[in-house]
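Student: Below are the structure tokens for one structure; questions will follow.
The values are calculated or read from the model by the stated rules, or taken from the named source; none is laboratory data. Note that the coordinates shown come from a computational prediction; the quantities given were computed from them, not determined experimentally. Positions of Cβ are backbone-derived with ideal geometry, glycine not excepted, and every protein chain shown enters the neighbour counts. Keep in mind that these areas ignore ligands, DNA and RNA; they rest on the heavy atoms of the full protein, side chains included. Shrake-Rupley method; radii C 1.70, N 1.55, O 1.52, S 1.80 Å.
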Amino acid sequence: MKRTSAFLTSAVLLLFPLSVPALSVKDAGDFGAGGCVSRRGGIVRVRDFGVRPGTGEDVTAGFNEAVRKCRETGAGVLRLEKGRYDFWPENAARREIFVSNTSSETECPSKVKTIGLLIEGLRDLTIEGNGAELIFHGRQTMVAVIRSSGIRLKNLHIDCEIPGASEMLVEKVGAGEVFLRFNGSSRYEITPEGKLELTGEGWKTEFPHCIEFDAQSGHMTYSRNWDIVQNSRAEEVEEGLVRVRTDRTASFKQGNVLTVRDRIRDQVGILNLESENLEFEDMGVHSLHAIGVVSQFCRNLSFKNVKFEPAEGSGRILASSADFLHFSGCAGKILVQGCRFSGAQDDCINVHGTYLVLDGILAEKQVKLRFAHHQTYGMQAFWPGDTVSFVRRNSLQTTALALVDSVRRLSDREVLLSLDRAVPSGVREGEFVIENLSWTPEVEIAGNYFTRTSTRGTLITTPRKAVIRDNVYEKMGMSAIFVSADADNWFESGAVKDLTIDGNRFIDCAYNSGAVILIEPTNTVDDAPVHGTVRIISNSFESEGRERLVHKSVENLVLEE
């Protein structure tokens, strides 16, 4: 599967000052997925591999055997019957994979992912769910699409038997006591010392993070109430109902819901890695472990009519412990259309690349780069033929471009790039970051509904055309739309050059902080604009008392009511 770039000379000239030498981008090489099998037609049925819905038995081995059969025969369809299928980690595949925005060396030393449903090295395969429910047990990466092309998942529901985030209703607040009613999908234990602990199938929450849902306002905010619970004595009144004895009852509000997840991102809900032409359609994604759907160095992805929200009747608030859709270093086009996003402990959509810090100039055409953010490292971020830019950290200005001749991994944190030309004069280690321009996507986010998060609705940083239109953002705790470019904190690149925000409705957003629309790159030197053209057209703002727009470093800001 060849990875070509459409970042032609004319586009480079449009994106960057004329003083920057234009480059024509070479073929970007291949994914190393030479085992992809072209479709020759045919249908594979999971029932032919001993997989039956509704048995409660572990279907992992049979399911993955059916996928392997599709790979061997080039079948175009993997067909399921309607019903429930249970996946347990004991028979899951295991792969060591470094994933963007997940965990540091100390937070989670092992990068081995336990993968329930593995789609690897396949081409042109539709997984037809017919309304099937895939239920995952324990801590695992539920689905992974790795070095594959033309994969389509449709008519499926994905959920966890016991989601990694626990939920409990504040049922009653009395004198010196609080009563917590656990959601039926959450589990707990009380130690002999009376400490309340959150548990699941083979796991316990070690590093809790609590977001509280206010049932009256619909707001979600960071809460210290779980700290109070953990430092108080608990006792079980009846199954699912716990009394917490504390003199700090004032901060508890009857009817609110505490949602608590582990800060450690050991797995991924769904992982798309170094793949292309992926489609997710007519699905319900009801629980995502650790960090939602991560698409990393993929080309052309579409999500249509996917409901990222708790299952109907579950009584749950959360569907993801972190972002719902996270795109890191993707290319081609990202389309998110007609989806629902409800209940995440972080952002609903985040689209970005990764700035690597220039850590050394080893030769005239050779640079050493370093992954700087503690949770993003180890992944392959460059391929021969990619176009890279030299970006000054304090101003976020691009000063030069180059092509990658070769890539060598020095360590999990360090990468050696050999370039087609000399490193420009004036470039200094530590003062510059490098962005991979070949892996930047066009984006369309249209006709979606966003609600119930304490953070942001959509984060977007890409130099290619991006359109956010006809969406409803309701009760985003921070900015509904956030445009950054960050070479100091998260190191999420880069500048937008053509962004349109058109016909959206913003309801009760930014109640925790920020403006409804926030454009805030991290540049400390403002001698030239970071972002190009941003059009904000025909939007409806229903967030009384909050700033609609805060912006800086935009070259061409177009505002139309």
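Student: Looking only at the stretch 517-538, which residues are surrounded by 23 or more Cβ atoms within 10 Å (Cβ to Cβ) and free of Cβ contacts under 8 Å to residues at least 40 places away in the same chain?
Tutor: First, pick out the residues of the stretch 517-538 that are surrounded by 23 or more Cβ atoms within 10 Å (Cβ to Cβ): 517, 519, 521, 523, 530-531, 534.
Within the stretch 517-538, Ile517, Ile519 qualify.
Student: For the stretch 429-505, which strands (runs of 3 or more DSSP E) that fit wholly inside it have 2 or more residues that are aliphatic (A, V, I, L, M)? Please lay out each step first, then the result.
Tutor: Working: elements: 432-436, 442-446, 449-453, 458-460, 466-469, 472-476, 481-483, 498-502.
Here the list reads 432-436, 442-446, 458-460, 466-469, 472-476, 481-483, 498-502.
Student: Tell me yes or no: at least one residue of the stretch 422-432 is within 27 Å of the chain's Cα centre (by Cα), on the phi > 0 side of the Ramachandran plot and open to solvent by 10 Å² or more (accessible area, probe 1.4 Å).
Tutor: Checked the stretch 422-432: no residue is within 27 Å of the chain's Cα centre (by Cα), on the phi > 0 side of the Ramachandran plot and open to solvent by 10 Å² or more (accessible area, probe 1.4 Å).
Student: Could you list all residues from the stretch 180-218 that are basic (Lys, Arg) and either in a strand (DSSP E or B) or exposed (fewer than 14 other Cβ atoms within 10 Å of the Cβ) (or both)?
Tutor: Start the filter on the stretch 180-218 by keeping residues that are basic (Lys, Arg), which leaves 181, 187, 195, 204.
Within the stretch 180-218, Arg181, Arg187, Lys204 meet the criteria.
Student: Taking the stated definitions as given, is Asp412 assigned to a strand (DSSP E or B) and open to solvent by 10 Å² or more (accessible area, probe 1.4 Å)? Write out each step before concluding.
Tutor: Values: assigned to a strand (DSSP E or B): no; open to solvent by 10 Å² or more (accessible area, probe 1.4 Å): yes.
Here the answer is no, as Asp412 does not meet what is asked.
Student: Would you mind stating whether Glu312 is touching a residue at least 40 places away in the same chain (Cβ under 8 Å) and of a type in the set (D, E, K, R)? Even if it seems obvious, please write down each step before you answer.
Tutor: Values: touching a residue at least 40 places away in the same chain (Cβ under 8 Å): no; of a type in the set (D, E, K, R): yes.
Against the criterion (touching a residue at least 40 places away in the same chain (Cβ under 8 Å) and of a type in the set (D, E, K, R)), Glu312 does not qualify.
Student: What are the residues in the stretch 78-114 that are assigned to a loop (DSSP other than H, G, I, E, B) and charged (D, E, K, R), if any?
Tutor: Within the stretch 78-114, Glu81, Lys82, Glu105, Glu107, Lys111 meet the criteria.
Student: Can you name the number of the only condition in (1) open to solvent by less than 10 Å² (accessible area, probe 1.4 Å); (2) closer than 23 Å to Arg71 by Cα that Glu167 fails?
Tutor: Among (1) open to solvent by less than 10 Å² (accessible area, probe 1.4 Å); (2) closer than 23 Å to Arg71 by Cα, the lone unmet condition for Glu167 is (2).
Student: Related question: Of Phe297, Phe252, Phe280, which residue is of a type in the set (Phe, Trp, Tyr), buried (at least 21 other Cβ atoms within 10 Å of the Cβ) and closer than 21 Å to His219 by Cα?
Tutor: Phe252
Student: Restricting to the stretch 527-544, count the residues that are assigned to a loop (DSSP other than H, G, I, E, B), modelled with pLDDT of 95 or more, farther than 18 Å from Ala515 by Cα and not hydrophobic (A, V, I, L, M, F, W, C).
Tutor: 1
Student: Looking at the stretch 270-287 only, could you name the residues that are in a loop (DSSP other than H, G, I, E, B) and out of contact with any His (no Cβ under 9 Å at 6 or more places or on another chain)?
Tutor: Across the stretch 270-287, the qualifying residues are Glu274, Ser275, Ser287.
Student: Still on this model: Just give me the residues in the stretch 300-322 being β-branched (Val, Ile, Thr) and either under 25 Å from Ala466 (Cα atoms) or in a strand (DSSP E or B) (or both), in sequence order.
Tutor: Scanning the stretch 300-322 gives a single hit, Val306.
Rundown of residues vs (1) touching a helix residue (DSSP H, G or I) at 6+ places or on another chain (Cβ under 6 Å); (2) among the aliphatic types (A, V, I, L, M); (3) closer than 19 Å to Val443 by Cβ, yes/no style:
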residue	(1), (2), (3)
Val472	no, yes, yes
Ser484	no, no, yes
Thr524	no, no, no
Asp527	no, no, no
Ile537	no, yes, yes
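Student: Return the residues of the stretch 471-509 that are among the small types (Gly, Ala, Ser), farther than 27 Å from Phe371 by Cα and open to solvent by 10 Å² or more (accessible area, probe 1.4 Å); say none if nothing qualifies.
Tutor: Answer for the stretch 471-509, where residues must be among the small types (Gly, Ala, Ser), farther than 27 Å from Phe371 by Cα and open to solvent by 10 Å² or more (accessible area, probe 1.4 Å): just Gly503.
Student: Report, by residue number, each residue of the stretch 115-146 that is part of a loop (DSSP other than H, G, I, E, B) and crowded, with 23+ Cβ neighbours inside 10 Å. Spell out how you get there, then give the answer.
Tutor: First, the residues of the stretch 115-146 that are part of a loop (DSSP other than H, G, I, E, B): 121-122, 137-140.
Within the stretch 115-146, Leu122, Gln140 qualify.
Student: Can you tell me which residue among Ala250, Ala290 is more than 30 Å from Ser100 (Cα to Cα), in a loop (DSSP other than H, G, I, E, B) and among the hydrophobic types (A, V, I, L, M, F, W, C)?
Tutor: That would be Ala250, the only listed residue that is more than 30 Å from Ser100 (Cα to Cα), in a loop (DSSP other than H, G, I, E, B) and among the hydrophobic types (A, V, I, L, M, F, W, C).
Student: With the condition kept exactly as written, say whether any residue in the stretch 219-237 is at pLDDT 95 or above, assigned to a loop (DSSP other than H, G, I, E, B), open to solvent by less than 60 Å² (accessible area, probe 1.4 Å) and touching a Pro at 6+ places or on another chain (Cβ under 9 Å).
Tutor: No, the stretch 219-237 has no match at all.
Student: Sticking with this structure for a sec: Which pairs do you get when a residue that is closer than 15 Å to Phe308 by Cα, found in the stretch 447-462, comes within reach of a residue that is part of a loop (DSSP other than H, G, I, E, B) and open to solvent by 20 Å² or more (accessible area, probe 1.4 Å), reach meaning Cβ atoms under 6 angstrom, with the pair 6+ apart or on two chains?
Tutor: Gly447/Gly338; Gly447/Asp470
Student: If you don't mind, there's one more thing I want to ask. Which condition number in (1) open to solvent by less than 10 Å² (accessible area, probe 1.4 Å); (2) on the phi < 0 side of the Ramachandran plot is the one that Asn101 fails?
Tutor: Condition not satisfied by Asn101: (2).
Student: Let me ask something else about it. Quick one: Gly83 ticks every box in (1) at pLDDT below 50; (2) loosely packed, with under 15 Cβ neighbours inside 10 Å bar one, so which box is it?
Tutor: (1)
Student: Just name the residue that is surrounded by the most Cβ atoms within 10 Å (Cβ to Cβ) out of those in the stretch 45-80 that are under 29 Å from Met379 (Cβ atoms) and of a type in the set (Lys, Arg).
Tutor: Arg71
Student: Sticking with this one: Has the stretch 522-529 got any residue that is small (Gly, Ala, Ser) and over 25 Å from Thr387 (Cα atoms)?
Tutor: No; the residues of the stretch 522-529 include none that is small (Gly, Ala, Ser) and over 25 Å from Thr387 (Cα atoms).
Student: Being under 17 Å from the mean Cα position of the chain (by Cα) and closer than 27 Å to Lys307 by Cβ, is that true of even one residue in the stretch 494-507?
Tutor: Looking for residues that are under 17 Å from the mean Cα position of the chain (by Cα) and closer than 27 Å to Lys307 by Cβ, one finds none in the stretch 494-507, hence no.
Student: Show the residue pairs that are 6+ apart or on different chains and have beta-carbon atoms under 8 Å apart, the first residue being within the stretch 406-423 and more than 14 Å from Gly360 (Cα to Cα) and among the polar types (S, T, N, Q), the second being part of a strand (DSSP E or B) and open to solvent by less than 50 Å² (accessible area, probe 1.4 Å).
Tutor: Ser406/Leu417; Ser406/Ser418
Residue-wise test of (1) touching a residue at least 24 places away in the same chain (Cβ under 8 Å); (2) acidic (Asp, Glu).
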{"site": "Gln216", "(1), (2)": "yes, no"}
{"site": "His219", "(1), (2)": "yes, no"}
{"site": "Arg224", "(1), (2)": "yes, no"}
{"site": "Asp227", "(1), (2)": "no, yes"}
{"site": "Glu235", "(1), (2)": "yes, yes"}
{"site": "Glu239", "(1), (2)": "no, yes"}
{"site": "Arg245", "(1), (2)": "yes, no"}
{"site": "Thr249", "(1), (2)": "yes, no"}
{"site": "Phe252", "(1), (2)": "yes, no"}
